Amino acid sequence: MATESPATRRVQVAEHPRLLKLKEMFNSKFGSIPKFYVRAPGRVNIIGEHIDYCGYSVLPMAVEQDVLIAVEPVKTYALQLANTNPLYPDFSTSANNIQIDKTKPLWHNYFLCGLKGIQEHFGLSNLTGMNCLVDGNIPPSSGLSSSSALVCCAGLVTLTVLGRNLSKLLAKYKSLQWDKVLRLEEVQAKLGISLEEMLLVTEDALHPEPYNPEEICRCLGISLEELRTQILSPNTQDVLIFKLYQRAKHVYSEAARALQFKKICEEAPENMVQLLGELMNQSHMSCRDMYECSCPELDQLVDICRKFGAQGSRLTGAGWGGCTVSIVPADKLPSFLANVHKAYYQRSDGSLAPEKQSLFATKPGGGALVFLEA
């Protein structure tokens, strides 16, 4: 493939079975052929869980699984969405009257979010209509960002239809101001100390026993009403127990692990895989014990993965279910996959668990792209 721009490639569709099949299905569905294709990958968070909204960096990796959309702009304002998976029904609406029902997480709403996000952020109007056929091979509801990939695809579809340059538009983006939100990273920045020192501050300033609202109010010198309305979010206003020590300890230690992971990758010592695996294991223990975002099934899967050859294994994504990510030497991969499949998915009577199997190996994948037919 020859690269036409950082986000665009020309391809011979006939040489790519999945694109060719998508093209044929598009023609069968809409009676025409796509003008271009857009791809966005799923992603797995290698390390750095529940620290991004506290102001710290995480270490994600694009996986090979992705969402593909075949697109044809049309001269009307009609937006028609279809999916190669029959479980996801067709949808149509006006491109200039996007209504998103927040109470129903239907598949097409994720596409609409990407389109509407671009439309609103850049003040666009009179959007042209389009026919879109979506195909995805990211396991749904697995913590691998299948919905985010669809949103990203929709945004890139919208920009491409409009003929705008993605990098120039994104360069105009201004970060949200967090003046009224004191994140954990800001505490560290204001103190001007290291993450390791912040862990010591956490030990000194907070006690391991849970806090109740009254104690927090006494510490801050505020009323319960001020706590509820000025500090707590709407979904936490009725919480009666706050594990401040545990949550802060997780965030600062996990942020330090993410930086250490990056450093090891850059320096590439001989025992690099072992060191990275140890950090992933520590991350899972912290997510399980300090942040309490694991569950028995995830803990069991992590133990099984380590038992059968993973150098490191941990939950990934928000947690409380979802999936795990493991680092496995290539020569151990076949036996690892077979043994984990048998140990986790196969029941004692020899039958497979009814839930959909989602055990797979992947290397780092590429980023979002627009494909034009050569």
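The values are calculated or read from the model by the stated rules, or taken from the named source; none is laboratory data. Note that the structure is predicted; figures quoted are calculated from it, not measured. Ideal geometry is used to build each Cβ from the backbone, glycine not excepted, and the neighbour counts take in all protein chains shown. Only protein heavy atoms, including side chains, enter the accessible area calculation; ligands, DNA and RNA are left aside. Shrake-Rupley method; radii C 1.70, N 1.55, O 1.52, S 1.80 Å.
Tell me whether region 257-269 contains one or more residues that are loosely packed, with under 11 Cβ neighbours inside 10 Å and farther than 23 Å from ILE46 by Cβ.
no
Checking the condition open to solvent by 60 Å² or more (accessible area, probe 1.4 Å), on the phi > 0 side of the Ramachandran plot and not hydrophobic (A, V, I, L, M, F, W, C), which residue from SER145, SER141, SER92 passes?
SER141
I need the full set of residues from region 1-56 which are of a type in the set (Gly, Ala, Ser) and modelled with pLDDT of 90 or more, in order please.
Passing the criteria: SER28, GLY31, SER32, ALA40, GLY42, GLY48, GLY55.
Quick one: THR76 ticks every box in (1) in contact (Cβ under 8 Å) with a residue 24 or more places away in the chain; (2) open to solvent by 40 Å² or more (accessible area, probe 1.4 Å); (3) under 30 Å from SER253 (Cα atoms) except a single one, so which number is it?
Among (1) in contact (Cβ under 8 Å) with a residue 24 or more places away in the chain; (2) open to solvent by 40 Å² or more (accessible area, probe 1.4 Å); (3) under 30 Å from SER253 (Cα atoms), the lone unmet condition for THR76 is (3).
Name the residues in region 25-59 that are surrounded by 13 or more Cβ atoms within 10 Å (Cβ to Cβ) and more than 30 Å from SER313 (Cβ to Cβ), would you?
Once the filter is applied, which keeps residues that are surrounded by 13 or more Cβ atoms within 10 Å (Cβ to Cβ) and more than 30 Å from SER313 (Cβ to Cβ), region 25-59 yields MET25, PHE26, ASN27, LYS29, PHE30, ILE33, PRO34, LYS35, PHE36, TYR37, VAL38.
Go through (1) within 26 Å of LEU195 (Cα to Cα); (2) at pLDDT 95 or above; (3) open to solvent by 20 Å² or more (accessible area, probe 1.4 Å) for ASP299 and report which single condition fails.
It fails just one condition, (1).
Given the residues ALA343, ALA330, ALA338, which is the only one that is modelled with pLDDT of 90 or more and open to solvent by 80 Å² or more (accessible area, probe 1.4 Å)?
Going through ALA343, ALA330, ALA338 in turn, the sole match is ALA330.
Would it be correct to say that ARG10 is in contact (Cβ under 8 Å) with a residue 40 or more places away in the chain, outside any loop (DSSP other than H, G, I, E, B) and open to solvent by 80 Å² or more (accessible area, probe 1.4 Å)?
yes
Given (1) acidic (Asp, Glu); (2) surrounded by 12 or more Cβ atoms within 10 Å (Cβ to Cβ); (3) modelled with pLDDT under 90, where does ASP238 come up short, assuming only one miss?
The failed condition is (2).
Go through region 84-134 and count every residue that is acidic (Asp, Glu) and over 23 Å from the mean Cα position of the chain (by Cα).
Selection size over region 84-134: 1.
Does GLN246 meet the test of being closer than 19 Å to ASP52 by Cβ, part of a helix (DSSP H, G or I) and open to solvent by 60 Å² or more (accessible area, probe 1.4 Å)?
It is false that GLN246 is closer than 19 Å to ASP52 by Cβ, part of a helix (DSSP H, G or I) and open to solvent by 60 Å² or more (accessible area, probe 1.4 Å).
Of these, LYS342, LYS307, LYS332, LYS262, which one is among the basic types (Lys, Arg), under 24 Å from the mean Cα position of the chain (by Cα) and farther than 30 Å from VAL71 by Cα?
Of the residues listed, the single one that is among the basic types (Lys, Arg), under 24 Å from the mean Cα position of the chain (by Cα) and farther than 30 Å from VAL71 by Cα is LYS262.
Scan region 295-321 residue by residue and report those that are out of contact with any Ser or Thr (no Cβ under 9 Å at 6 or more places or on another chain) and either without any contact (Cβ under 8 Å) to a residue 60 or more places away in the chain or assigned to a helix (DSSP H, G or I) (or both).
CYS295, PRO296, GLU297, ASP299, GLN300, LYS307 - these are the residues of region 295-321 that are out of contact with any Ser or Thr (no Cβ under 9 Å at 6 or more places or on another chain) and either without any contact (Cβ under 8 Å) to a residue 60 or more places away in the chain or assigned to a helix (DSSP H, G or I) (or both).
Which residues, counting only those in region 195-225, are touching a residue at least 24 places away in the same chain (Cβ under 8 Å) and not acidic (Asp, Glu)?
LEU195, MET198, LEU199, THR202, LEU206, HIS207, PRO208, PRO210, TYR211, ASN212, PRO213, ILE216, listed by residue number.
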